[in-house]
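Scroll down for the structure; my scribbles are underneath it.
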Amino acid sequence: PVATAGEAASGADVVAVMVSDEAHRDLWHLELEPNIKPGAALIFAHGLSVNFGLIAPWRADIDVILASPKGIGPRIRELFEAGEGVFCLFGVHQDASGQAHGLGLSYAAALGCGRKGILETTFKAECESDLFGEQVVLCGGTVELVDAAFMKLVQ
């Protein structure tokens with residue numbers, strides 16, 4: 001059946017937040033927070049919104065878990081179907097149930113990440129390493145810095 005995020009969360013034991021970081025705040029406040037059932041687990045694919053306090057999923061009765069595969073969805077799926085996987089960073093921010101660690105590892109393994117490697121970390125460390133990789137490496141920040149410094153030097 002088709003359901004809103006809030007409707008789905010109200011009956012779910014595990015809620016995986018797999019939307020862009022920019023959508024986390026509204027999704028949490030409008031749909032998930034008022035509807036997530038007691039004892040549920042909340043899993044994030046990226047630590048940004050929790051690390052920087054954009055949302056605060058700290059209800060004492062829920063688990064808050066990070067399972068962050070290092071790849072984009074279509075590539076993760078492609079590798080999974082090929083019997084492979086991608087590395088995953090995993091962490092537990094809040095363990096209300098006493099079972100969050102095992103649940104998070106199981107979730108990461110179910111994505112195929114156990115075939116490659118699952119490394120334990122924190123929301124903060126995952127967030128900062130991800131931002132560094134995106135902004136400095138992938139988006140060319142380091143290359144631009146070196147190029148600008150060289151051009152200044154030769155001028």
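The values are calculated or read from the model by the stated rules, or taken from the named source; none is laboratory data. Just so you know, these numbers come straight off a predicted model, no measurement behind them. We place every Cβ from the backbone using ideal geometry, glycine too, and count neighbours over all the protein chains shown. What goes into the accessible areas is simple: the full protein's heavy atoms, side chains included, and nothing from ligands, DNA or RNA. Shrake-Rupley method; radii C 1.70, N 1.55, O 1.52, S 1.80 Å.
Things to note:
- Of all accessible heavy-atom area on the chain, the percent that carbon and sulfur account for (1.4 Å): 60 percent
- Residue-averaged [θ]222 nm for the chain, counting only DSSP H segments that reach four residues, each worth -39500 (n - 2.57): -11000 deg cm²/dmol
- With respect to the chain, whose longest principal axis is taken over its alpha-carbon atoms, helix 141-154 is tilted by about 20°.
- Candidate values (1) 39, 37, 30; (2) 56, 38, 24; (3) 64, 36, 32, label of the one derived for Cα extents along the principal axes in Å: (3)
- Considering only beta bridges that DSSP places wholly inside the chain, some 35 percent are antiparallel.
- Of 80, 132, 90, the order by accessible heavy-atom surface (1.4 Å probe, DNA, RNA and ligands excluded), from most exposed downward, is 132, 80, 90.
- Per residue, the range 50-116 exposes 51 Å² of solvent-accessible protein surface, assessed with a 1.4 angstrom probe and all protein chains in place.
- Shape category assigned to the range 67-155 from the gyration tensor of Cα positions, a/c cut at 1.5: oblate
- Highest mean packing first, where packing is the average number of other Cβ atoms within 10 Å per residue, the peptides 97-108, 8-19 line up as 97-108, 8-19.
- Bridging of residue 124 to lysines at a Cα separation below 23 Å is possible for 70, 116, once same-chain residues fewer than 8 apart are set aside.
- For residue 4, solvent-accessible area (1.4 Å; no DNA, RNA or ligand), Å²: 70 Å²
- Between the helical axis of 100-110 and the longest alpha-carbon principal axis of the chain there is an angle of about 70 degrees.
- In plain terms, the chain from residue 61 to residue 8 could stretch by 17.3 nm, reckoned as 0.36 nm per residue minus the Cα-Cα distance.
- Once both labels are positioned 7 Å from their Cα atoms along Cα-to-Cβ, the gap between residue 72 and residue 125 label points is 2.8 nm.
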